[in-house]
Each structure stands twice: as C-alpha cells, then as structure tokens.
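> Have a look at this one.
The values are calculated or read from the model by the stated rules, or taken from the named source; none is laboratory data. All of these numbers come straight from a predicted model, not from anything done at the bench. Glycine gets a Cβ as well: all are built from the backbone with ideal geometry, and neighbour counts include every protein chain shown. Surface areas here come from the heavy atoms of the whole protein model, side chains and all, with no ligands, DNA or RNA. Shrake-Rupley method; radii C 1.70, N 1.55, O 1.52, S 1.80 Å.
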Amino acid sequence: MATLEIKNLHVSVITDQGNKQILKGIDLTIRSGEIHAIMGPNGSGKSTLAYSIAGHPKYEVTEGEILLDGEDVLEMSVDERARAGLFLAMQYPVEVPGVSVSNFLRTAKTAISGEAPKLREWVGDLKTAMSNLRMDSDFTERNVNEGFSGGEKKRHEILQLELLKPKIAVLDETDSGLDVDALRIVSEGVNRAHKDNNLGVVLITHYTRILNYIKPDYVHVFVNGKLAEQGGAELAERLENEGYDRYLKASA
Amino acid sequence: MSQHGATAHSHGVPIQTRSERPKSTSISDFPEIQKTEEIWRYVPLEKLRGLDAEVIGEIKEEEIEVKLSDSITSRWIDSSSQLVGSAGIPEDRVSAVAWTNASKTLVIDVPANNESSEPQLIRVSPNSTDAKALHILITLGNHSKATMVLDHTGVGTLGENVEIVLGDGAELNFVTLQEWSVGSTHVSTQFAKLGRSSRLKHIVVSMGGDLVRVVPAVKLDSPGAEVNMFGVYLADTGNYFEHRPYVDHIAENCVSNVAYKGALKGAGAHTVWVGDVLIRESAVGTDTYELNRNLLLVDGARADSVPNLEIETGKIAGAGHASASGRFDDLQLFYLMARGIDEGTAKQLVVRGFLNEIIQKIEIPDVEQRLIGAIEAELEGVGN
C-alpha cells in the first residue's frame, strides 16, 4: 500500500524570460489501486504537475509538499524518485540515439530493482509484455524513441510501466495522437498494470475519450493552476457534454 | 604526377581554394610553420616536438609488426622508387619532412582479385621518443578486397605518410588507430587514390596522444568510386586531436560520405575538425555529405568544427554538410534518470550511444570490442 500526497503545491516554470507561476496550491492524495483522472483545458497546469512529481529541472516548487509514504519526494533526485516507486509516462518521450531499447530497458530494470534481472526470466517477461502491447520483437533492437511513430512511443512508455512495476504512475496525455486501436492497446496495458501491481494511477488528459477504456475512481478538474472541481466518473461525463467553458467563464 | 612538383603559388596571398594549396615533396618549398597559416592555426606548436625540423630519424623495421594473410605481401623498398607518390604528395611542411626523411617505404600489396575478410595488421610502436619518419604504401589490385588495421601504440613522435592506391573495383576497409600513451606526438597524412568503381572505407580512431593530427585526403579521379570516411575520438585532459578529412571530387558519379563524432571528457581537452569537400567542374553527378558532431562532457573543453564545401558545378546529385557541438542534452538525461538510472550511468549510456553510431561502422569485431572497452573505462566516473 502506497500513498502519494500532494499538499498546497505551488510550482513555477523556469524560462529564459524569468519564472512563471503555473500551479497555485494543489492538494491531491493518490493511494495504491486508485485511478485519478486530471482534466482541464490547455495551460491549466496538468503537465506541470506531472513534471513536478518526476523532478524535471525546468520546474521549481516554490511552496508545498510532495510525500510518498511520508518521505519527502522534493528532496529526492529524479532517479531516486523513480527508484522510490514513481513513474512518469511522458507526453513527448525523448530520443536517445545509439542506445537500444533492449539495453535501455535492462539498465532501467537493474537500477529499479537494485540488481540485474535473471536473464531467462527477463527475456520471458519482455516477450510477454511486448506481445500484449502488439509490439514486434525486433523493436528492442531499435534506438530509444528514434524514428518511432507517435503510437510506438506511447506503447514503449507503457511497456516500461509494465516492466518496471512502479507504485504510482503519472500518465501525461498518453492518449494524445493515438488512433482508436492504439488507444485501446495502450489502455489495456494501463489496466493490466493497475490490476496486477495494484498500481495507483494519475491519468492526465484533455479529452474524455480514454476514460471509456480506463475507468477513473476520481476526476479532478484543473483550471488556471487550481483545482476547480472534483468528483467521480460522472464528472467526466458532464465534461464530455459541456466542455470546459463553464470553468473558464468563472475564472475569467 | 611528378615526384617533385613546385609550389604553385605567389607569395602573400591567402590560399582561397583547397585545390590551390602548394604541393611538394621538398621541405624547402614550405615555410617554417606559423600560427598565421590556416592549416596550423589551432595546433599547439610546442607539442610538434621536432616533426617540422629538416632532419629527423626514421622508423625501423623492428618497430613495426606486420601480420598478413599468406596471399598478401609486405616489403621495404627504397623511397626513390616511382611507386612512391602514386596516391599524392605533401601539402604541408610536416608531411614533407616525413616524406624526405623516410628513406625506405613499407609496401603492402594485395594482389588483383584477392579477397580476404581477415583483418591485416600493421602495428607501429616506436622504441624511443625521438622524432621519426614513416612511409607506408598500400596497394590493392583490381577487384581485390581487404580489411586493414594500422595501429599506433606506445610513446613516440611520429611523422607519417600513408598512401593507399585502389585498383578498379577494389574494396578496402581501412582503420587507423591512434592509441598513444601520454608524451606522444603523431602527425599522419594519408593519401588515397581510388580506381574506377572502387570503394574505400577509411576510419580514424583517436583515443590517446598529446598531439594527434590526421589528414586523410582522398582523390576521386576515376568514375563511380565511393569513399566513406568515418572518425571517432574521445579526448581527455592533455589531448589535442585534429582531423582534417579532404575529399577531392574530380571524376563523374562518385560518392563521398564523411562522418566524424567525438566526445571531450576532460578540462583542457581540445579537438579540431576541418572537413574539406571540393567538387570540381568535371565532377558531374557527385553525391556528397559531411558531418561532424561533438559532445562536451565537462566545462573547459573545446571543440572546433569547420565544414568547407566548394562546389564548381551545379550538375550534382547532392551535397550537404552538418556540424554541431554541444553539451549533454538535459532532456535525454531527465528521461533516463526518470527510469531510475543514476546520472553517471545515464551519461555513460548517452556518450556510448553517441559514439556507437560510428563504432559500428568499423565492422571488425576485435577492434569494436576493444574500443567499447576502452571507452567504458574512460567514462568511469564521468558525471559523478
């Protein structure tokens, strides 16, 4: 059982033109096994929350706390956060030329578990996970994210989610740029990780489409760096029908 | 081409085009080296250690190990032979000094139609740090195929000229390794002349040496020839590496592709890459691309990168160049670290990946493995 607590979180993004405040006091608690959808219009701070949890150097926490099972996440380096059990599926996965997927995954798995995985077991797990995500076996010989299509990049993120078995995962617009088939395959992967590992999920999305495949327990609406509304799955249905206009008018 | 061409040029006028550089085997045709000359502007001249003097010593047979397949022969000939100079003649003083002071030339002959996949080895290990000259001539007969490794190890001060002559349809995979220990200086000028439809893969690997300068010059004067020139280097504190590949497109329908990648891992490390490609008016149908990328791992390292492309005809298939030097990509590091990989390991992965693109072109398993091992050892501790 793991708990990620976000308390009164204020975050600024560091740009060449100076710092710009994005998050203005966010409170959220995510427990193992729970699925939280975070929705909101563009620029509301959804991705900023994702990057702040992972420790991206461009984002500065100016106030508030992030705790994982009571441990201060903000004191941890990026790799320490991952080893503590946090995972970020990125909206824009980065190309790493010359590093094969196979080498990358094995290095990451070794880092997370603290020891190299047993070869036979690892090869089996990898094969199963890839076949579940309908990925060709020669995929592992390619360089990380290099020349990947949008769908391949997202599947590769979910492949890592399934293999690295984190406690809490933040999925940053994993649904963007996916066709219906890819969306279904990727969602199945998230549901598997949720069921098999009792994963806690923070699902960041602009659209309700992915919520047809991944059923949220809670829905939070971000507007202008603050939580505008919270509710259950029914809130998502309302957003599907009404959009974000209501909140934008209120905040304007 | 005559053995002793005269300097073609008037005095005091800066050399504008690559083809108009003076060529001569005679030292007196080249002035004393000065920083004001473009070709020497970056070089730390105090590290030349006498390679520009009129008289230097000569590498002896016992300082060279040659391991060849049975069908391939080696012999020493007098450097006054007509064979010497068949691929090109010096364009700078250090090359002329090495030319003049090497009284003997080591000739490696691959007979026509001979095909071997085994790497042929020439290993140069000087037995003292005295400035010495060496001349090597490699010839491949028509339609022959060979792989050759020219390895430089130990401590030495070497002025070297290497000539490579490929017959029609011949194919050579040639690797020159600079694995010098601290205290070494090496200036190598490598001339290649390619026969009709022949193919040369020329790979430069520089890993050690106080001053290493390699100038591979490839003349494409027979139609349909193809050259791939690759380079990989890892420079630490105390290393100065300079690579100046030159491709001279003279004949029609030739292809050249130049790609050098280097990493600089120690403060004070300095690398220079100057890539010259000349497409002459006669070189219709040329296809060429040159690239240099440098990755700076620390503050206080310097990478100079200058691509030069001269085009004298519009009737070409393609011509391009790219050059970039940069630090670690923060986003790459973030991505790897977000998967639990510590900073040091992440940096190693990125550097190895960066250099690997070139290393895998070598296609000689022994050399690749040795290189990967050396790079891993060198990168221990980077980023910590």
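> Any of A:Lys24/A:Lys195; B:Lys23/B:Lys132; B:Lys35/B:Lys104 with alpha carbons more than 29 Å apart? Name them for me.
Check vs 29 Å cut-off fails for A:Lys24/A:Lys195; B:Lys35/B:Lys104.
> Can you send over the carbon and sulfur percentage of the accessible area for the protein assembly as shown, probe radius 1.4 Å, protein chains only? Write down the numbers at each step before the final one.
Details: 12010 of 25820 Å².
Roughly 47 percent, rounded to a whole number.
> Take the Cα gyration tensor of the stretch B:304-380, multiply each eigenvalue by 5, square-root it, and list the three semi-axes largest first, rounded to whole angstrom.
Ellipsoid half-lengths, sorted descending, are 32, 19, 11 Å.
> Separate question: Any idea what the relative contact order of the stretch B:18-327 is, in percent, if you count C-alpha pairs under 8 Å spaced at least 6 apart?
RCO, the stretch B:18-327: 12 percent.
> Using Cα atoms only, what is the angle between the long axis of helix B:365-379 and the major principal axis of chain B, expressed in degrees (0 to 90) to the nearest 10?
50 degrees
> Starting from the alpha-carbon convex hull of chain A, give the projected area averaged over all orientations, in nm².
Working: hull surface 55.1 nm².
Reported value for the Cα convex hull: 13.8 nm².
> Under the rule that an exposed site lies in a DSSP loop and has at most 15 other Cβ atoms within 10 Å, name the longest stretch of chain A with no trypsin sites (Lys or Arg not before Pro) of that kind, not counting the sites themselves.
Counting only loop sites that pass the neighbour cut-off, the longest clear stretch is A:135-252.
> Enumerate the whole-percent occupancy of each 10 Å bin, from 0 to the last occupied one, for all C-alpha pair distances of the stretch B:18-327.
6, 28, 37, 24, 4, 0
> Quick one: dipole size for the stretch A:1-248, taken about the Cα centre, charges +1 on Lys/Arg Cβ and -1 on Asp/Glu Cβ, in debye to the nearest 20.
On the way: 28 positive and 38 negative charges, 67 e Å.
That gives a dipole near 320 debye.
> Next question, about the same structure. Do any chymotrypsin sites (Phe, Trp or Tyr not before Pro) in the stretch A:208-252 lie in a DSSP loop with no more than 16 other beta carbon atoms within 10 Å, and if so, which? List each step's numbers first, then the result.
Details: sites: A:Tyr213, A:Tyr218, A:Phe222, A:Tyr244, A:Tyr247; in loops: A:Tyr213, A:Tyr244.
For chymotrypsin sites (Phe, Trp or Tyr not before Pro) across the stretch A:208-252 that sit outside H, G, I, E and B with at most 16 neighbouring Cβ atoms in 10 Å, the list reads A:Tyr213.
> Can you list the chymotrypsin sites (Phe, Trp or Tyr not before Pro) in the stretch B:136-203 that are in a DSSP coil and have 13 or fewer other beta carbons within 10 angstrom?
none
> Moving on. Calculated FRET efficiency, B:Val182 and B:Val55, Cβ-Cβ r, R0 30 Å, to nearest 0.05?
0.70
> Now a separate question. About the Cα centre of the protein assembly as shown, how large is the charge dipole given +1 on each Lys and Arg Cβ and -1 on each Asp and Glu Cβ? Please answer in debye to the nearest 20.
Once rounded to the nearest 20, the dipole reads 740 debye.
> Here's a follow-up. Obtain the nm distance between the two label points defined at B:Gln360 and A:Leu74 by a simple spin-label model: each point lies 7 Å from its Cα along the Cα-to-C-beta direction.
Calculated label separation equals 4.3 nm.
> For B:Thr36 and A:Ser113, what is the calculated FRET efficiency with R₀ set at 60 Å and r taken between the beta-carbons, to the nearest 0.05?
0.50
> Could you give the longest part of chain B that holds none of the trypsin sites (Lys or Arg not before Pro) found in DSSP loops with at most 13 neighbouring Cβ atoms within 10 Å?
B:61-314
> Quick one: compute the contact order of chain A, relative version, from alpha carbon pairs under 8 angstrom and 6+ residues apart, as a percent.
With pairs under 8 Å counted, the relative contact order is 27 percent.
> If R₀ is 56 angstrom, what is the calculated FRET efficiency for the pair B:Asn228 and A:Arg238, using the beta carbon separation as r and rounding to 0.05?
So the FRET efficiency works out to roughly 0.35.
> Restricting to DSSP H runs of at least four residues, report the calculated mean residue ellipticity at 222 nm for the protein assembly as shown, -39500 (n - 2.57) per run over all residues, nearest 500 deg cm²/dmol. Kindly include the intermediate steps, with their values, before the conclusion.
Details: 12 runs with 142 residues, N = 636.
Per the formula, -7000 deg cm²/dmol.
> Just from the alpha-carbon atoms, what are the Rg and Dmax of the stretch B:113-165 in angstroms?
Using the Cα atoms of the stretch B:113-165, the pair Rg, Dmax is 13.6, 40 Å.
> Express in whole angstrom the spacing between the alpha-carbon centres of the stretch A:23-102 and the stretch B:276-327.
41 Å
> Mind ranking B:Leu83, A:Leu105 by accessible surface for me, highest first, 1.4 Å probe?
I get B:Leu83, A:Leu105, largest accessible area first.
> A further question on this structure: How much net charge surrounds B:Ala259 when only the other residues with a Cβ under 12 Å from the Cβ of B:Ala259 are counted, with Lys and Arg +1 and Asp and Glu -1?
+2
> Viscosity 1.567 mPa s, temperature 4 °C: give me the Stokes-Einstein translational D for the protein assembly as shown in µm²/s, with Rh taken as the Kirkwood radius over C-alpha pairs.
Value of D from the Cα-based Kirkwood radius: 47 µm²/s.
> Quickly work out the A:Arg209-to-A:Asp136 label distance, labels modelled 7 Å from Cα along the C-beta direction, and quote it in nm with one decimal.
Result for the modelled spin labels: 2.5 nm.
> Moving on to the next point. Taking each residue of B:354-366 in turn, how many C-beta atoms of other protein chains fall within 10 Å of its C-beta, and what is the average?
1
> Net charge near B:Val306, counting Lys/Arg +1 and Asp/Glu -1 over other residues with Cβ under 10 Å of its Cβ?
-2
> Would you check the accessible area of B:Glu118, probe 1.4 Å, heavy atoms only, in square angstrom rounded to 10?
For B:Glu118, solvent-accessible area is about 120 Å².
> Could I ask something else about it? Using the basic label-point model (7 angstrom from Cα toward the beta carbon), what is the A:Tyr92 to B:Thr17 distance in nanometres?
4.5 nm
> Give me the log10 of I(q) over I(0) for the stretch B:257-316 at q = 0.13, 0.14, 0.26 Å⁻¹, as the Debye formula computes it from C-alpha points; what are the numbers?
With no solvent term, the Cα-only Debye profile gives -0.45, -0.49, -0.99.
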